[in-house]
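Below: one structure, written as structure tokens.
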Amino acid sequence: MPTPSHASFAKAVAAVAWKDLAAELRSRELVSAMLVFSLLVILIFNFALELDIATRRSVTAGVLWATFAFAGTLGLNRSMAVEKDRGCLDGLLLAPVDRSAIYFGKVLSNLSFMLIVEAIVLPVYSLLYNTNLFHPGLLAVILLGSIGYTAVGTLLSSMAVQTRTRDVMLPILLFPVAVPILIAAVKASGGYLSGADMQDILPWLNLLIAYDVIFTAIAFMVFDYVVEE
Amino acid sequence: MQSKSLTLKALDIVSLILLAVSTYLALVFAPTEAVMGQVQRVFYFHVATAWVGMLGFIAAGLSGIAYLRSGDPKWDRIEVAAVEISLVFFFIAIVLGAIWARPVWNTWWTWDPRLTTAAITELIYIAYFMLRQGIEDPDRRARFGAVYTLVGAVSVPITFMAIRLFRTIHPVVIGTQSAEAQGGFNMTGDMKIAFFFALFAFTVIFVDLFWHRIRIGELADQVEQLKLKVMR
């Protein structure tokens, strides 16, 4: 049942997310950078792996997730660095809302950026490599994986931008703890692409959901400590 | 500066003796394993060091939570000590395991759950130290360190389970083992003595090192405070 406090919390989350989306709508610098970067990563993989038809079948899931992970860090880092540079974060923290509303707002906007990039990369990849990627199951995996990735990524990027070595810190912090998402997402995507049984895919989906829930809860609990002055 | 307490000095000596006895038990006393031969002797220290790494890992996670709850810098020092010891001992366990795996599995390394999880844990620890190094404010350094150990402590078991969904060839000497495991064996009585003694010895060594490292952390904090006082 939505109580007034719930409604105001949701409003605060939406306001933070909307602020990012509106800024992005005007500048388009973040999504376009992520997008160009993704296409470059796919290009590099093309030459690194010689993506002929036989290899393609087995590595498509891996290539896609490596691309999403790399583009994701780029976006997460930039989205937090902007807040820090222009003193927006201090402004946000002064707002009379729960700090976790800021966290969820940032997650929402980061997730939207990632999904937009993925929504463009998928058809491009399908087109370039003549592989059909439009499987509802695959889309669900991408959604679940992106949620987990941004949930942890937003928390860690808000730490990373406050360090001296902030440009390089995020991937170093994020990749080792995001390994379960990458394993599960690659396995589940590969399963859908090769037409595996639901029985074989289900454990990976469960793992993704469990990871999403656990890490969203942890980030929700510790975000206060990360932005505290 | 306070000098080392008597208990700590005694513990140092006990640790050294235990290490010597444990080395003797592992290298001389325990019978040579029939199939693998001498290289199997690595096993006693391999499991013992991995065990210490595990103890450090758990101690780090718990002190991270304790720090976030209390904000007491004592827990931060304990956390750093635990992570440092765990980093070193997991590394030793990995190297010893590789020495064993070369003749037995015919490879130095394989992407098995335990091996991969140990490697990822090492990477998380290295990231932890890089994160701390990049922050000057001691309060923030401690907070971020605690948050990252907490995230790491939760993600490592999930990583382990995730990789475990693949098949594993790592032998399980205690408890049930999967049919695909290679290089497993049954321990005889003397092997068990060497094994459990090594576990016990390394646990004592862990406590000793842990104590030392926490003490160094306290002294380092005092030095930092004195420096600040001089600068003012």
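Tell me yes or no: at least one residue of region B:92-114 is surrounded by 16 or more Cβ atoms within 10 Å (Cβ to Cβ), farther than 16 Å from B:Ala59 by Cα, within 14 Å of chain A (Cβ to nearest Cβ) and modelled with pLDDT under 90. Yes, region B:92-114 has at least one match.
For every residue, the table says whether it meets (1) surrounded by 19 or more Cβ atoms within 10 Å (Cβ to Cβ); (2) within 17 Å of A:Leu64 (Cα to Cα); (3) modelled with pLDDT of 90 or more.
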residue: A:Gly153; (1), (2), (3): yes, no, yes
residue: A:Ser158; (1), (2), (3): yes, no, yes
residue: A:Phe175; (1), (2), (3): no, yes, yes
residue: A:Val179; (1), (2), (3): yes, yes, yes
residue: A:Leu202; (1), (2), (3): no, no, no
residue: A:Ala210; (1), (2), (3): no, no, yes
residue: A:Ile214; (1), (2), (3): no, no, yes
residue: A:Ala217; (1), (2), (3): no, no, yes
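Across region B:35-79, what is the total count of residues that are buried (at least 19 other Cβ atoms within 10 Å of the Cβ) and among the small types (Gly, Ala, Ser)? The total comes to 9.
Residues in region A:43-67 that are within 11 Å of A:Val186 (Cα to Cα) and hydrophobic (A, V, I, L, M, F, W, C): A:Val59, A:Ala61, A:Val63, A:Leu64, A:Trp65, A:Ala66. Across region B:138-168, the qualifying residues are those that are within 17 Å of B:Trp75 (Cβ to Cβ) and surrounded by fewer than 21 Cβ atoms within 10 Å (Cβ to Cβ), and the one among them that is nearest to the other protein chains (Cβ to nearest Cβ) is B:Arg140. Taking region A:115-229 and the helices (runs of 4 or more DSSP H) fully enclosed by it, the elements with 2 or more residues that are of a type outside the set (Gly, Ala, Ser), touching a residue at least 12 places away in the same chain (Cβ under 8 Å) and away from chain B (no Cβ under 14 Å) are at A:136-160, A:166-193.
The values are calculated or read from the model by the stated rules, or taken from the named source; none is laboratory data. Nothing here was measured: the structure is a model prediction, and the numbers come from that model. As a convention, Cβ positions derive from the backbone with ideal geometry for all residues, glycine included, and neighbour counts pool all protein chains shown.
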